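Undergrad: Quick one: structure below, then a few questions.
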Amino acid sequence: MSFTYLQKIPTPAQILEQMPLPPALKKLKLRRDREIIEVLKGRDNRLLLIIGPCSADDEDALSEYVSRLAKVQDKVRERLILIPRIYTNKPRTTGAGYKGMLHQPRASEGPNIYQGIKAIRRMHLRVLSESGLTAADEMLYPGNYPYLEDILSYVTIGARSVENQEHRLTVSGLDIPVGMKNPTS
């Protein structure tokens with residue numbers, strides 16, 4: 001059995017070089033990370049809310065949603081920290097069906113992981129740039145985290161992956177908060 005290689009996937013370093021996080025957004029991301037961690041450590045009395053659709057598959061619609069969420073964040077800043085839920089992967093029990101923007105960045109076209117990696121990074125960059133809000137994403141594949149590690153402020157391990165040792169070992173080394181769902185069984 002062998003594979004047919006269609007296209008070489010760039011390394012995370014190559015993608016981060018092609019699509020860098022601007023210094024001003026890096027500062028903003030670090031500030032948001034500190035605020036979130038202070039809430040989770042109990043040093044900040046605000047509540048943390050992760051809010052958003054089940055699947056992020058339309059960049060323009062998501063950008064509009066997060067822009068509205070940013071306005072709400074301004075109004076509730078003293079009581080809440082809002083984190084947009086931007087889940088770019090869709091776990092599938094049977095393997096059939098839409099697997100998310102990572103696999104299929106354009107619903108009208110076939111799968112393309114290379115374009116998907118670029119699409120999810122571009123979307124996360126756009127959200128941060130336009131709204132000032134850092135996001136949460138589900139870690140369906142631990143190997144994909146390095147493509148987004150400088151942008152995300154929160155990672156979730158889903159119900160189908162929460163008991164997987166590779167996921168647990170990977171997130172144990174992250175410097176951002178990780179939420180773990182209850183297992184499916």
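The values are calculated or read from the model by the stated rules, or taken from the named source; none is laboratory data. Here the structure is a predicted model, which is why all the values come from computation and not from measurement. No Cβ is skipped: glycine too gets one built from the backbone with ideal geometry, and neighbour counts run over all protein chains shown.
Undergrad: When you go through (1) out of contact with any Pro (no Cβ under 6 Å at 6 or more places or on another chain); (2) more than 25 Å from Lys41 (Cβ to Cβ); (3) small (Gly, Ala, Ser) one by one for Ala136, which number turns out not to apply?
TA: (2)
Undergrad: Right, here's the next one. So which residues in region 7-23 are farther than 14 Å from Lys118 by Cα and surrounded by 10 or more Cβ atoms within 10 Å (Cβ to Cβ), if there are any at all?
TA: Correct list: Pro22 only.
Table: residues versus (1) touching a Leu at 6+ places or on another chain (Cβ under 9 Å); (2) touching a residue at least 24 places away in the same chain (Cβ under 8 Å); (3) over 27 Å from Asp175 (Cα atoms).
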position: Met19; (1), (2), (3): yes, yes, no
position: Gly52; (1), (2), (3): yes, yes, no
position: Glu64; (1), (2), (3): no, no, yes
position: Tyr87; (1), (2), (3): yes, yes, no
position: Lys90; (1), (2), (3): yes, yes, no
position: Met101; (1), (2), (3): no, yes, no
position: Gln104; (1), (2), (3): no, no, yes
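Undergrad: Only one of these conditions is not met by Lys29: (1) within 23 Å of Glu149 (Cβ to Cβ); (2) of a type in the set (Lys, Arg); (3) touching a strand residue (DSSP E or B) at 6+ places or on another chain (Cβ under 9 Å). Which number is it?
TA: With (1) within 23 Å of Glu149 (Cβ to Cβ); (2) of a type in the set (Lys, Arg); (3) touching a strand residue (DSSP E or B) at 6+ places or on another chain (Cβ under 9 Å) applied to Lys29, the lone miss is (3).
Undergrad: Can you pull out the residues in region 103-141 that are among the acidic types (Asp, Glu) and either part of a loop (DSSP other than H, G, I, E, B) or surrounded by 17 or more Cβ atoms within 10 Å (Cβ to Cβ) (or both)?
TA: If the condition is that a residue be among the acidic types (Asp, Glu) and either part of a loop (DSSP other than H, G, I, E, B) or surrounded by 17 or more Cβ atoms within 10 Å (Cβ to Cβ) (or both), then Glu109, Asp137, Glu138 are the ones that fit.
Undergrad: Got a sec? Which helices (runs of 4 or more DSSP H) wholly within region 1-102 have at least 3 residues that are among the basic types (Lys, Arg) and within 19 Å of the chain's Cα centre (by Cα)?
TA: 23-40
Undergrad: When you scan region 142-185, how many residues do you find that are in a loop (DSSP other than H, G, I, E, B), at pLDDT below 90 and surrounded by fewer than 18 Cβ atoms within 10 Å (Cβ to Cβ)?
TA: Counting residues in region 142-185 that are in a loop (DSSP other than H, G, I, E, B), at pLDDT below 90 and surrounded by fewer than 18 Cβ atoms within 10 Å (Cβ to Cβ) gives 10.
Undergrad: Can you find a residue in region 60-80 that is within 15 Å of Arg121 (Cα to Cα), of a type outside the set (D, E, K, R) and out of contact with any Pro (no Cβ under 6 Å at 6 or more places or on another chain)?
TA: Looking for residues that are within 15 Å of Arg121 (Cα to Cα), of a type outside the set (D, E, K, R) and out of contact with any Pro (no Cβ under 6 Å at 6 or more places or on another chain), one finds at least one in region 60-80, hence yes.
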